[in-house]
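Worksheet: one structure, shown below.
What follows is calculated from the coordinates using simple rules that are stated; it is not laboratory data. This is a predicted model, so every value here is computed, not measured. Here the Cβ positions follow ideal geometry from the backbone for every residue, glycine too, while neighbour counts run over all protein chains shown.
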Amino acid sequence: MIRTLAEHTRDVQAIAITPNGKILVSGGGDTAIKLWDLGTGKVVESWSDHADAVNAIAITPDGKRLISCSADKTVKVWSMPVY
């Protein structure tokens, strides 16, 4: 194992990696979406705009958008920061 990423307060339900391989995105039962720097293992962004668990995450092939799906019955499209 290289490292453990552990800042969600509930179960992790979805992950995705940016096309450049630098950022891992996780979504969980705590309603949070976290962007992790894979080089350092640190959270670089954290979003909590869903009202319920984040069930799925996708990143567009160009790495410019993130799409999240939640048990709150919403799909959100986010602008991805550049790292």
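Here the spin labels are modelled as points 7 Å beyond Cα on the Cα-Cβ line, and at Lys73 and Leu24 they lie 3.4 nm apart. Treating each Cα of the chain as an identical point scatterer and ignoring solvent, apply the Debye formula and state log10 I(q)/I(0) at q = 0.18, 0.23 Å⁻¹. Values, matching the q order: -0.68, -1.10.
Take peptides 52-60, 38-46, 10-18 and line them up by average Cβ neighbours within 10 Å, highest first, as a rough protection proxy.
52-60, 10-18, 38-46
Taking label points 7 Å from Cα along the Cα-to-Cβ direction, Ser48 and Ile17 give a separation of 2.9 nm. Spin-label pair Arg65-Ala6: with each label point 7 Å from Cα along the Cα-Cβ axis, the two points sit 3.6 nm from one another.
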